[in-house]
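S.K.: Please read through the structure below; I'll follow up with questions.
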Amino acid sequence: MRMPMAISDLQGRDLLSTQDWSRGELEFAMGFAKDIKAKHREGRVPELFKNRTMFMLFYNTSTRTRSSFEAAATMLGGHAQFIDFATTRGAEGESVKDMARMYERFGQMLGIRVLEAAVDYVYGRGHRLIQEYARNCRIPVVSMADDMFHPTQALADMMTIREKVGDNVRGKRYVIAWTYSDHIRSWGSVQDEVLIATRFGMDVTLAHPKGFELDEKVLEWAEGNAAEMGSRLEVSHDLDEALKGAHVVFPRSWASHECVSVGLNRFGREKESELHAKFRDWTLDRRRLELMDKGAIVTHVLPVFRGQEASDEVMDGPQSVIYDQAENLLYVRAALLALLAGRP
C-alpha cells in the first residue's frame, strides 16, 4: 500500500499539464495550497522558498501569472525574476538548450509562458517548446500557459470550485461554454480545465458551436478520466440546454478547430473573426443564469471580455467567483514553488 505523500515527494518534478500528475499528486498540491492560504491569513507563512530563485520566461504578456508567481515567491522568502523573451539573446537565435542549461545554474525553478502569436498560432508549437526546455533543464520546469495546457491555472480553478461547491465534486455538473469574443484565443486553459475536472469526477459538458471542437487526443484523455471516475464528458451544440442545472459554468471563447489545425496566419484572421461573429448570441447573460442550479457559480480564468463572453451583470453578480479564483493562484503557485523547488 502506498504511504501518504510527503512534501519531498514532488521535489524536482516538472508540471507541463495536469494530466502529467496522478490524482493523488494534484490533491496533495491543492491541499498544500489550502494550508498556505490559511497560514497567510494568519500572517505566519513559513519561508519555504527562502534564498531561492524562480526564472519566469515570458514569450507572451501576463497580468495574473506574473504577479501571482512574484508575490508567491516573496511570501515564501524567495524571488521570482521576470524575463521578457524579446530582451534575451533567444530572440536573436540562441538555442533553447543553451538557455535552459544556463538557467539551471542560476536558480531553482524555470517557468515558461508561450502561446498564440508567439508561435504564429500553430497548435502544439508552444507546448513542444516548453517540453524542449524541460528536456534540457535539470531544475523543475513549469508551464505558465501554452497553446495546449495551463496546469497551474487549472489547479487554482479546481481549488476554488471545491471551496464553493464542496470538496466532493463528483457528479457536479461543470459546463465549459464557448462564448463569443472578437479576440482569438488558444485552447490551453480550456483543455486543462476539461482534464482536471474529469480527474475529480465532475460531469463535464463542453458547449460550443459546431466547428469549435477541441483536440481529439485531449478529449480522449478526458473521456478516460471520466470513465475511471464514473462520471461523464458530453458535448452540446445548444448553450441553453447545456446550462440547465449546471453547478459551475465557465464562459470563454476559443479558436475554431479549422483555424487551429492550420494556424491563424494561414487560415486568416478576418475569416476567423467572421466565423466567431456568426455566434454573437452565444453569451452568458442574466437570462441564462436562471437556467443554472440555484447555487451555481460562474468562473473565469480572466481576462473576461465583458459584453461579449459574459455581461457585466453576470461577472459582477453574486454567482461570480472570479476574484476568489484569481486569489487562489497565489496559494497554488506558492505551493508549487515550495513542493517542486523549495528546500526538502
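The numbers here are math on the coordinates, done by the rules we state, and not lab data. Because the structure is a prediction, the values reported are computed rather than measured. Glycine also receives a Cβ, built like all others from the backbone with ideal geometry; neighbour counts cover every protein chain displayed.
S.K.: Please identify every one of the trypsin sites (Lys or Arg not before Pro) in the stretch 140-173 that sits in a loop by DSSP and has no more than 10 other beta carbons within 10 Å of its own beta carbon.
M.R.: none
S.K.: Another question about this same structure. What is the sum of charges, Lys and Arg at +1 and Asp and Glu at -1, for the other residues whose Cβ falls under 10 Å from the Cβ of Tyr59?
M.R.: Here the charged neighbours net out to -2.
S.K.: Just tell me which lysines come within less than 27 Å, Cα to Cα, of Lys172; anything on the same chain fewer than 8 places away is out.
M.R.: Straight-line reach from Lys172, under 27 Å: Lys34, Lys37, Lys164, Lys210, Lys217, Lys244, Lys294.
S.K.: Taking the Cα centre of the chain as origin, sum charge times position over the Cβ atoms of Lys and Arg (+1) and Asp and Glu (-1), and report the length of that vector in debye to the nearest 20. Could the numbers behind the result be given before it?
M.R.: Numbers: 45 positive and 50 negative charges, 217 e Å.
Computed charge dipole of the chain: roughly 1040 debye.
S.K.: If I stretch the segment between Lys278 and His237 completely, what's the gain in nm (0.36 nm per residue apart, minus their alpha carbon distance), one decimal?
M.R.: 13.4 nm
S.K.: Provide Rg over Rh for the chain; use the alpha carbon set for both Rg and the Kirkwood Rh (inverse mean inverse pair distance).
M.R.: Using Cα coordinates only, the ratio equals 0.96.
S.K.: Moving on. By the scheme Lys and Arg +1, Asp and Glu -1, what is the net charge of all other residues having a beta-carbon under 13 Å from that of Asp84?
M.R.: Numbers: positive: Arg66, Arg89, Arg113; negative: none.
After counting each charged neighbour, the total is +3.
S.K.: Beyond 26 Å, what percent of the Cα pairs of the stretch 153-321 remain?
M.R.: Tail fraction, whole percent: 23.
S.K.: Now for a different question. So, counting K/R as plus one and D/E as minus one, what does the shell of residues with Cβ under 10 Å around Arg138 add up to?
M.R.: On the way: positive: Arg101, Arg105; negative: Glu104.
It works out to a net charge of +1.
S.K.: If all Cα-Cα distances of the stretch 29-132 are sorted into 10 Å bins from 0 onward, what percent lands in each bin, rounded to whole numbers?
M.R.: 13, 40, 31, 14, 2
S.K.: Quick one: Ile196, Ile297, Ile7, Ile322, fewest Cβ neighbours within 10 Å first, how do they rank?
M.R.: Numbers: Ile196 27, Ile297 23, Ile7 15, Ile322 18.
Final ranking by Cβ density, sparse to dense: Ile7, Ile322, Ile297, Ile196.
S.K.: Sticking with this structure for a sec: Under 15 Å between alpha carbons, and skipping anything fewer than 8 positions from Lys39 in its own chain: which aspartates and glutamates qualify?
M.R.: Hits, sequence-local ones excluded: Glu47, Glu327.
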